[in-house]
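Reviewing the structure listed below.
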Amino acid sequence: MKIQFDYIKRNLIFRFDAGTSRGVLKSKEVFWIKAFQKDKPEFIGWGEAAPLVKLSPDDRPDFEEILCAYLAKLSKLDWGRDELSILKAISEEVPFNLPSIRFAFETAVLDLLNGGIKRILKNDFFDHLKPLPINGLIWMGDEGFMKDQIDQKLEEGFACIKMKIGAIDFGQELELLQYIRSNYGPEEVTLRVDANGAFAPDEALGKLQRLSSLSLHSIEQPIVAGQVDAMAELCLQTPLPIALDEELIGVKEKGLLLDQIKPQFIILKPSLLGGIKEAREWIQEAEEREIGWWMTSALESNVGLNAITQLTSQYKPDLPQGLGTGKLFENNLASPLMVSSGQINYNPKIFWEQPS
């Protein structure tokens, strides 16, 4: 089976200044990959390559040039017609250090294989309209901005709140978390925090001890990735479950890393880790070691979010996932992906807006 590829680029604009410990995000560049066959142009599969600035291995100035080269290269490939052969072919043709490009081709080709209807994989989310629980994300900003977000998420019915920390005064962040806890106990609202590596190794344990008094579910990436010994010691002593996030990026020896650090959880972002095939391998390695996990989007448009949600749905997770980013952008594609009452749903009555 011969497949042709093309792409469309769009600059997604955030509805607000999205603060993280690495800086403020105002826009996000994405590349939508179009997969089609010359003799059946009415069927189109779509994927998305959207590297995160300063974080993705393929965040590089020549990204678009590299992408175009692989569009041409993979157009010459003779593709199989089953999921496993497609994933295998892409992992062999596209290098490990181009994870968002891998993910884009996986999604586009699988979508085309399934008739170009945005069904990427066999899953209950798309096939049986079964919703997935998600967390409500609180972005960094001044205290008033963060408090307004908290109130809004609680009013919208989220039972799991995730707050990014590390950019404002730590005492203020504790007060914001205490504000939630003073109104909602741990049996009513699950609290997660994401430090994005903001803590220094010598101060991290002390901060985790203070955070643990608030009955938090977990903290993501308390210290900067790459400090394996320090992270392992922190996971050993922590009073609060630790979830690895950036620590997983660029890692090929998955089992070795998990054995070295022994985290309580891992966070999976397919477009940062190398796509569907790589995410599945992380899940297998984690579950063999009884390490918990959940999936998170990496600020993709609804094209990428749809694929990640379908992959997540295959595992029928109980934990809330990080899949509520569809409303972040002013100019996202209209889609059937809907968020209500702390869940993401697929509403087939709403049509997909085609990339343009």
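The values are calculated or read from the model by the stated rules, or taken from the named source; none is laboratory data. Not measured: the values here are computed from a predicted model. Glycine gets a Cβ as well: all are built from the backbone with ideal geometry, and neighbour counts include every protein chain shown.
What number goes with the only condition from (1) surrounded by 15 or more Cβ atoms within 10 Å (Cβ to Cβ); (2) among the hydrophobic types (A, V, I, L, M, F, W, C); (3) assigned by TED's automatic domain parsing to the domain that holds Gln310; (4) under 26 Å from Glu278 (Cα atoms) that Phe105 does not pass?
(3)
How many of the residues making up the range 328-356 are within 17 Å of Cys160 (Cβ to Cβ) and out of contact with any helix residue (DSSP H, G or I) (no Cβ under 9 Å at 6 or more places or on another chain)? Before you say what the answer is, go through the steps one by one.
Here is the first cut: in the range 328-356, the ones within 17 Å of Cys160 (Cβ to Cβ) are 339-345.
Next cut, out of contact with any helix residue (DSSP H, G or I) (no Cβ under 9 Å at 6 or more places or on another chain) only: 339-341, 343.
Final tally of qualifying residues: 4.
Filter the range 145-199 down to residues that are buried (at least 21 other Cβ atoms within 10 Å of the Cβ) and aromatic (Phe, Trp, Tyr) and give me whichever is farthest from Thr296 (Cα to Cα).
Phe199
So, of the residues in the range 244-267 that are of a type in the set (Asp, Glu) and out of contact with any strand residue (DSSP E or B) (no Cβ under 6 Å at 6 or more places or on another chain), which turns out to be surrounded by the most Cβ atoms within 10 Å (Cβ to Cβ)?
The residue in question is Glu247.
Looking at Lys28, Lys2, Lys9, which is the one that is in contact with a strand residue (DSSP E or B) (Cβ under 6 Å, 6 or more places away or on another chain), touching a residue at least 60 places away in the same chain (Cβ under 8 Å) and not hydrophobic (A, V, I, L, M, F, W, C)?
Working: Lys2 fails: in contact with a strand residue (DSSP E or B) (Cβ under 6 Å, 6 or more places away or on another chain); Lys9 fails: touching a residue at least 60 places away in the same chain (Cβ under 8 Å).
Lys28 is the lone residue from the list that is in contact with a strand residue (DSSP E or B) (Cβ under 6 Å, 6 or more places away or on another chain), touching a residue at least 60 places away in the same chain (Cβ under 8 Å) and not hydrophobic (A, V, I, L, M, F, W, C).
A quick yes/no check of all residues on (1) assigned to a helix (DSSP H, G or I); (2) in contact (Cβ under 8 Å) with a residue 60 or more places away in the chain; (3) in contact with a Pro (Cβ under 9 Å, 6 or more places away or on another chain); (4) closer than 30 Å to Gln260 by Cα:
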site: Ile150; (1), (2), (3), (4): yes, no, no, no
site: Gly157; (1), (2), (3), (4): no, yes, no, no
site: Lys162; (1), (2), (3), (4): no, yes, yes, yes
site: Tyr179; (1), (2), (3), (4): yes, no, no, no
site: Ser182; (1), (2), (3), (4): yes, no, no, no
site: Pro186; (1), (2), (3), (4): no, no, no, no
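Of all residues being of a type in the set (S, T, N, Q) and crowded, with 20+ Cβ neighbours inside 10 Å in the range 322-356, which is nearest to the chain's Cα centre (by Cα)? Just the residue, please.
Quick first cut of the range 322-356, residues of a type in the set (S, T, N, Q) only: 325, 331-332, 335, 340-341, 343, 345, 347, 354, 356.
From what's left, crowded, with 20+ Cβ neighbours inside 10 Å: 325, 332.
Working: Thr325: 9, Asn332: 16 Å.
Here the residue is Thr325.
State yes or no: is Glu300 under 29 Å from Leu256 (Cβ atoms), surrounded by 17 or more Cβ atoms within 10 Å (Cβ to Cβ) and either at pLDDT 95 or above or not small (Gly, Ala, Ser) (or both)?
Numbers: under 29 Å from Leu256 (Cβ atoms): yes; surrounded by 17 or more Cβ atoms within 10 Å (Cβ to Cβ): yes; either at pLDDT 95 or above or not small (Gly, Ala, Ser) (or both): yes.
Judged against the criteria, Glu300 is a match.
Please find, among Pro95, Pro41, Pro57, Pro61, the residue that is at pLDDT below 95 and out of contact with any Asp or Glu (no Cβ under 7 Å at 6 or more places or on another chain).
Numbers: Pro95 fails: at pLDDT below 95; Pro57 fails: at pLDDT below 95; Pro61 fails: at pLDDT below 95.
Just one listed residue meets the conditions, Pro41.
Go through (1) in a helix (DSSP H, G or I); (2) in contact with a helix residue (DSSP H, G or I) (Cβ under 8 Å, 6 or more places away or on another chain); (3) more than 23 Å from Glu278 (Cβ to Cβ) for Gly144 and report which single condition fails.
Gly144 satisfies every listed condition except (2).
Can you list residue pairs whose Cβ atoms sit under 9 Å apart, with the first residue in the range 106-133 being modelled with pLDDT of 95 or more and among the charged types (D, E, K, R) and the second being assigned to a loop (DSSP other than H, G, I, E, B) and crowded, with 23+ Cβ neighbours inside 10 Å? Count only pairs 6 or more apart in sequence or on different chains.
Glu106/Ile120; Glu106/Gly275; Asp111/Ile120
Taking the range 61-79 on its own, how many of its residues are part of a loop (DSSP other than H, G, I, E, B) and either closer than 19 Å to Pro270 by Cβ or over 24 Å from the mean Cα position of the chain (by Cα) (or both)? Lay out the reasoning, then the answer.
Going through the range 61-79, the residues part of a loop (DSSP other than H, G, I, E, B) turn out to be 61-62, 76-77, 79.
Filter once more, keeping what is either closer than 19 Å to Pro270 by Cβ or over 24 Å from the mean Cα position of the chain (by Cα) (or both): 76-77, 79.
So the answer is 3.
Go through (1) polar (S, T, N, Q); (2) in a helix (DSSP H, G or I); (3) in contact with a strand residue (DSSP E or B) (Cβ under 9 Å, 6 or more places away or on another chain) and name the single condition Thr325 misses.
Condition (2) is where Thr325 drops out.
Could you tell me whether Arg102 is part of a strand (DSSP E or B), in contact (Cβ under 8 Å) with a residue 40 or more places away in the chain and among the basic types (Lys, Arg)?
Values: part of a strand (DSSP E or B): no; in contact (Cβ under 8 Å) with a residue 40 or more places away in the chain: yes; among the basic types (Lys, Arg): yes.
Against the criterion (part of a strand (DSSP E or B), in contact (Cβ under 8 Å) with a residue 40 or more places away in the chain and among the basic types (Lys, Arg)), Arg102 does not qualify.
Does Leu87 satisfy the condition of being buried (at least 19 other Cβ atoms within 10 Å of the Cβ), of a type in the set (A, V, I, L, M), in a helix (DSSP H, G or I) and in contact with a Phe, Trp or Tyr (Cβ under 9 Å, 6 or more places away or on another chain)? Explain how you work it out, then say what you get.
Details: buried (at least 19 other Cβ atoms within 10 Å of the Cβ): yes; of a type in the set (A, V, I, L, M): yes; in a helix (DSSP H, G or I): yes; in contact with a Phe, Trp or Tyr (Cβ under 9 Å, 6 or more places away or on another chain): no.
In short, no.
Is there a residue being assigned to a loop (DSSP other than H, G, I, E, B) and surrounded by fewer than 16 Cβ atoms within 10 Å (Cβ to Cβ) anywhere in the range 18-28?
Within the range 18-28, the subset assigned to a loop (DSSP other than H, G, I, E, B) is 21-22.
Among the residues that remain, those that are also surrounded by fewer than 16 Cβ atoms within 10 Å (Cβ to Cβ) are: none.
Scanning the range 18-28 turns up no residue that is assigned to a loop (DSSP other than H, G, I, E, B) and surrounded by fewer than 16 Cβ atoms within 10 Å (Cβ to Cβ).
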